[in-house]
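Single-structure report; data block below.
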Amino acid sequence: MMGGLVVLWTDALVFLLLFFAVAFGIYAAGKEHLRGPWRLVLRSRIGIATLVILSFYVLVGLLDSIHFEPTLTTDQPAAGQVQSIEVVSLFDRLVQPLRERQEKTYSAPLATHLYAKENIELADGRVIRDFPRLKYGGAHLVDPQRDWAQDVVRLSMIGVIKGLVVTLVMANILFALLAASRPGGFAGAAREVLTGKSEIPWRTALITLGLLLMLLLWAVELSGHYHLLGTDKVGEDVFYQALKSIRTGLLIGTLTTLVMLPAAILLGIMAGYFRGWVDDMIQYTYTTLNSIPGVLLIAAAILMLQIYMSNHADEFNSLVERADLRLLFLCIILGVTSWTGLCRLLRGETMKLREVDYVQAAVAFGVGHFQIILRHILPNVLHIVLITVVLDFSGLVLAEAVLSYVNIGVDPTMNSWGNMINSARLEMAREPVVWWSLMASMIFMFTLVLSANLFSDVVRDAFDPRLRSSR
């Protein structure tokens with residue numbers, strides 16, 4: 001049962017960022033110079049397909065950002081229900097079987113036995129050396145050697161069929177919504193979408209959504225009876241670890257942006273608009289900051305935080321809060337070291353905009369500097385901000401993996417693709433090789449980064465005035 005709600009620092013910032021994104025969407029809907037480029041993004045097949053994939057990652061990240069302390073039921077009736085000191089998320093509750101089913105040690109994907117041989121004592125007292133059966137993986141099979149292949153095929157077919165059914169339901173809902181605004185009715189809307197003649201490429205969106213749903217429900221069916229991507233050294237499900245790492249990757253990319261944007265926009269526009277000694281001070285600031293090796297600055301900051309947390313251990317109620325503070329601190333440090341590039345771009349663009357006729361006319365009429373910046377400068381540099389944000393996102397996700405690999409990233413107790421790669425580094429030296437932890441983290445990270453890169457290319461093409469005019 002769900003108990004008291006726990007709001008971590010990163011949770012609050014995630015929903016604050018979500019609020020700003022919704023507010024910006026409402027604002028952009030009323031501005032044609034912003035609404036037009038987003039229409040181009042939605043009309044792109046690559047844009048709509050990658051948006052569906054990114055939406056799945058965002059949904060998992062949001063579900064994993066709602067934390068609470070579960071309520072435990074005791075055996076003593078007088079005690080009733082007590083509050084647990086453990087902090088879990090809503091996503092943990094949804095995938096609770098994956099989280100609780102823990103084996104003894106390594107097992108391969110979809111395996112029914114452990115990966116290494118052990119001494120097994122038989123009922124007659126004899127001891128043999130063989131691969132022990134898993135406690136949960138394939139436990140429903142009477143004879144794994146005989147029934148395993150048939151059972152995997154059966155579960156796979158069930159998952160794919162469920163995915164097709166859900167896709168058909170979603171398609172009919174889309175046809176019904178489109179039919180309300182079209183003269184041809186339901187049949188006309190369905191024909192327009194299925195033939196690819198709709199203004200927005202809904203057919204591409206449905207195909208992508210259908211493949212994603214079939215893959216997801218296939219994974220759900222198999223993970224209910226097996227460990228889909230195997231288990232790690234302590235027997236935890238690798239598929240669960242890869243899903244839990246989605247939130248960490250998204251937070252690194254989004255919260256760092258939240259930290260970086262205010263300083264980059266404010267200082268970049270100030271440097272380009274006021275020039276003179278203001279421009280000199282800001283240039284000296286980001287030039288000096290760029291001269292400091294970023295990895296050394298991050299390592300020093302994380303080391304100072306670790307010393308603080310060791311000396312003030314009583315201030316943290318759980319390991320989750322401790323890991324969350326380190327993640328927040330890492331986002332702040334990455335934001336401090338990554339705002340300089342956008343600041344330099346905005347400075348150059350603002351210096352150009354300051355000389356255009358309408359800005360000079362506003363200055364001549366005595367309009368205040370703040371109003372000129374807010375009305376004439378900021379709206380005309382938003383495309384640079386959007387392009388930079390979406391292009392930097394994938395780089396920040398990869399940066400987390402690299403930093404966690406060298407032990408200056410997120411807390412080792414937090415699920416992240418970097419920690420999975422770091423632990424897989426030692427597993428690759430085993431004989432036989434334990435390869436699935438590395439493969440799982442690479443697949444999930446590759447899908448997110450590739451989708452983000454393709455989506456950012458579409459956004460750049462839509463918002464860049466030079467590319468838009470050339471088309």
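Would you work out which of 383, 6, 310 lies farthest towards the positive end of the dipole of the chain? Charges go on Cβ: Lys and Arg +1, Asp and Glu -1.
Result: 383.
Above 18 Å lies some portion of the pair distances; for the stretch 81-138, what is it as a whole percent of all C-alpha pairs?
On the way: 894 of 1653 pairs.
Beyond 18 Å sits 54 percent of the P(r) for the stretch 81-138.
Once you order the gyration tensor axes a ≥ b ≥ c over the Cα atoms, which shape class does the stretch 8-153 get: rounded for a/c under 1.5, otherwise prolate or oblate by comparing a/b with b/c? If you can, show how the numbers build up before the last one.
On the way: a/c = 4.07, a/b = 1.75, b/c = 2.32.
Cα axes put the stretch 8-153 in the oblate bin.
Excluding residue 268 itself, calculate the net charge of residues whose Cβ lies under 9 Å from the Cβ of residue 268, where each Lys or Arg counts +1 and each Asp or Glu counts -1. Walk me through the numbers on the way to the answer.
Working: positive: 344, 347; negative: 349.
Here the count lands on +1.
Considering only protein heavy atoms and a 1.4 Å probe, what is the carbon-and-sulfur percentage of the accessible area of the stretch 333-389?
Working: 1800 of 2820 Å².
Looking at the stretch 333-389 in its full context, I get 64 percent from C and S.
What pairs from 135/244; 31/352; 135/233; 162/197; 104/244 go past 25 Å between their alpha carbons? Can you show the working numbers first?
Details: 135/244 23 Å; 31/352 23 Å; 135/233 15 Å; 162/197 28 Å; 104/244 21 Å.
Among 135/244; 31/352; 135/233; 162/197; 104/244, the Cα-Cα distance tops 25 Å for 162/197.
Please give the length that would be gained between residue 426 and residue 439 if that part of the chain were fully extended, namely 0.36 nm times their separation in residues minus their C-alpha to C-alpha distance (nm, one decimal). Intermediate values should be presented prior to the final figure.
Working: separation 13, 0.36 × 13 = 4.68 nm, distance 1.39 nm.
Gain on stretching residue 426 to residue 439: 3.3 nm.
Taking the stretch 20-68, which chymotrypsin sites (Phe, Trp or Tyr not before Pro) meet the DSSP loop condition and have no more than 10 other C-beta atoms within 10 Å?
Values: sites: 20, 24, 27, 38, 56, 57, 68; in loops: none.
Of the chymotrypsin sites (Phe, Trp or Tyr not before Pro), not one in the loops of the stretch 20-68 has a Cβ with at most 10 other Cβ atoms within 10 Å.
If you roll a 1.4 angstrom probe over the protein chains with everything in place, what fraction of the accessible area of the stretch 100-140 belongs to carbon and sulfur, to the nearest %? Please report the intermediate quantities before stating the final value.
Details: 1270 of 2550 Å².
Carbon and sulfur atoms account for 50 percent of the accessible area of the stretch 100-140.
Give me the distance between the Cα centres of the stretch 334-395 and the stretch 229-246, rounded to whole Å.
Computed from Cα coordinates, the inter-centre distance equals 44 Å.
Please list log₁₀ I(q)/I(0) at q = 0.10, 0.24 Å⁻¹ for the stretch 143-249, using the Debye equation with identical point scatterers on the alpha-carbon positions.
Taking Cα atoms of the stretch 143-249 as identical point scatterers yields -0.45, -1.20.
What percent of all Cα-Cα pairs in the stretch 1-73 falls into each 5 Å bin, going from 0 up to the bin containing the maximum distance?
3, 13, 14, 18, 18, 12, 8, 6, 5, 2, 1, 0
Go ahead and estimate [θ] at 222 nm for the chain from helices alone: -39,500 (n - 2.57) per DSSP H run with n ≥ 4, summed, over the residue count, rounded to 500. If you can, show how the numbers build up before the last one.
Working: 19 runs with 319 residues, N = 471.
Calculated at 222 nm, the ellipticity per residue is -22500 deg cm²/dmol.
Using only Cα atoms, find the angle between the long axis of helix 340-353 and the longest principal axis of the chain, and express it within 0 to 90 degrees, rounded to the nearest 10.
Approximately 30 degrees, to the nearest ten.
As a test of the definition: which semi-axes, in Å, follow for the stretch 237-330 when you take the square root of five times each eigenvalue of its alpha carbon gyration tensor? Largest first, please. Display every interim value, and only then the final one.
Working: eigenvalues 233, 66, 30 Å².
Gyration-tensor ellipsoid for the stretch 237-330: 34, 18, 12 Å.
Take the Cα coordinates of the chain, assign each an equal point scatterer, and use the Debye formula without solvent to give log10 I(q)/I(0) at q = 0.07, 0.10, 0.12 Å⁻¹.
Log-scaled intensity ratios, in q order: -0.48, -0.93, -1.23.
Rolling a 1.4 angstrom probe over the protein heavy atoms, how many square angstrom per residue are accessible across the chain? Let's see the in-between values first.
Details: 24600 Å² over 471 residues.
Result: 52 Å² per residue.
Any chance you could give the angle, 0 to 90 degrees and rounded to 10, that helix 276-291 forms with the longest Cα principal axis of the chain?
Helix 276-291 and the main axis of the chain meet at about 20 degrees.
Keeping every protein chain in place, order 231, 337, 195 by accessible area at 1.4 Å, biggest value first, i.e. largest first.
195, 337, 231
Once you keep just the Cα pairs under 8 angstrom separated by 6 or more residues, what percentage relative contact order results for the chain? Mind dumping the intermediate values first?
On the way: 616 pairs, mean separation 90.6, N = 471.
This gives 19 percent for the chain.
Given a 1.4 Å probe and heavy atoms of the protein chains only, how would you sort 413, 350, 204, largest accessible area at the top? The partial results should precede the final answer.
Numbers: 413 90, 350 0, 204 30 Å².
Ranking 413, 350, 204 by accessible area, largest first, yields 413, 204, 350.
From largest accessible area down, sort 445, 351; use a 1.4 Å probe on the protein chains. Let's see the in-between values first.
Working: 445 15, 351 60 Å².
In descending accessible area the options line up as 351, 445.
The values are calculated or read from the model by the stated rules, or taken from the named source; none is laboratory data. Only a predicted model underlies this, so the values are computations on that prediction, with no experimental measurement involved. Please note: Cβ atoms are built from the backbone with ideal geometry, for glycine as well, and neighbour counts cover all protein chains shown. All accessible areas refer to the heavy atoms of the entire protein, side chains included, with ligands and DNA or RNA removed. Shrake-Rupley method; radii C 1.70, N 1.55, O 1.52, S 1.80 Å.
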